1. Probe radius 1.4 Å, ligands and nucleic acids left out: which of 204, 117 has the largest accessible area, and how do the rest follow?
2. For residue 170, which lysines qualify as cross-link partners when the Cα separation must be under 20 Å and same-chain residues fewer than eight apart are set aside?
3. Stretched out fully, how many nm does the piece from residue 132 to residue 170 gain, at 0.36 nm a residue minus the Cα gap?
4. Given R₀ = 45 Å, FRET efficiency for residue 291-residue 77 by Cβ-Cβ distance, to 0.05?
5. Over the heavy atoms of residue 161, what accessible area does a 1.4 Å probe trace out, to the nearest 10 Å²?
6. What is the list of residues in the range 246-274 whose amide nitrogen lies under 11 Å from a point 7 angstrom out from the Cα of residue 240, following Cα to Cβ?
7. Using 7 Å Cα-to-Cβ label points, what is the residue 194/residue 178 separation (nm, one decimal)?
8. Report, largest value first, the span of the C-alpha coordinates of the range 169-302 along each principal axis, in whole Å.
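The values are calculated or read from the model by the stated rules, or taken from the named source; none is laboratory data. All figures in this text were calculated on a predicted structure; none of them were measured in a lab. For neighbour counting, all protein chains shown are included, and Cβ atoms are generated from backbone atoms with ideal geometry for every residue, glycine included. Surface accessibility is based on the protein's heavy atoms, side chains included, excluding ligands, DNA and RNA. Shrake-Rupley method; radii C 1.70, N 1.55, O 1.52, S 1.80 Å.
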Amino acid sequence: MRKRVLSFLLLVLILGILGVNPPVLHAAQIQVVTTFSILHDFVSQVGGEQVVVNSLVPAGADPHTWEPSPREASLVAKADLVVANGAGFDDWLLPLVQNAARPGVPIVLASEGLSVFEQDHDHQGHQHGHESDPHLWLSVPNAIAYVEKITAALAELSPEHSQYFTGRSKVYLQELEALDQKMLELLAEISPKNRVLVTYHNAFSYLAERYGFEVAEFLVENPEAEPSPRDLGRLVELLRNLSKPVVFTEPQLTSGTRYVQALAREVGAQVYVLYSDSLTSEVSTYVEMMEYNLQVLLEALR
Ligand SMILES: [Zn+2]
């Protein structure tokens with residue numbers, strides 16, 4: 001930090017001699033690297049113009065199957081702070097940080113300290129991937145905890161801007177609390193017999209728990225895996241017993257979509273899209289993503 005201040009002062013001096021106005025804020029901006037787009041949004045909401053944020057996995061891509069390239073290493077090398085999800089979601093980051101990050105650069109694992117759901121279904125067909133669901137952010141109270149953790153990390157890194165960060169964070173957290181209340185109220189209108197989420201990958205157990213969906217059934221544990229005939233058979237059975245059979249797919253999972261469509265055809269179920277792991281040009285913030293999911297759930301299941 002001191003080194004940065006010194007080089008900043010030097011820049012001011014040079015620009016002063018040259019008679020140019022220095023770009024005051026930009027010289028002191030904190031360089032933050034996040035593993036995926038949803039964390040990028042959280043850091044931007046809190047950090048405002050005091051941070052420059054880069055996401056390693058671009059919006060629209062699948063963070064589970066991401067392969068880092070030299071572009072990612074150079075971003076990590078410039079970072080003052082790295083923010084990852086943890087809980088097994090973005091483990092590919094760790095070697096990248098060990099190889100490329102400057103010594104002592106803090107790494108925030110946003111899910112750390114929150115309770116992670118272990119898989120409690122009888123899914124013997126699943127031999128790949130996680131034993132647990134790492135998508136904690138799909139329950140808004142967990143997202144609130146992520147934002148609080150990010151706020152603390154930014155304030156620690158740049159104490160001179162801590163009031164700025166806590167001020168912005170407070171406004172954003174109020175927005176998240178309002179979103180959570182709205183979701184609780186509107187999703188309560190869905191009849192108990194329709195409260196089953198059948199999805200492609202194991203991403204929605206936190207959303208299900210928070211907003212009162214009894215079961216979050218899925219075809220594969222992790223998008224790297226292919227569903228077995230047995231998994232497909234199990235879900236066909238399940239969907240045939242539902243009064244309103246619906247299957248949800250996700251826009252970043254291109255290979256999964258055909259399994260979901262085949263499954264839906266088999267039982268005459270409707271297919272809807274939910275967002276889970278990535279923002280896109282259609283839903284460019286976390287709040288927009290959750291509002292979109294809320295409307296889809298209401299349309300599909302109410
Ligand atoms: Zn996922």
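1. Details: 204 5, 117 65 Å².
My answer, sorted largest first, is 117, 204.
2. By straight Cα distance, residue 170 reaches 149, 182.
3. 10.6 nm
4. 0.80
5. Here the accessible area works out near 40 Å².
6. Residues 267 fall inside that zone.
7. 2.7
8. Here the Cα extents, ordered largest to smallest, are 49, 31, 20 Å.
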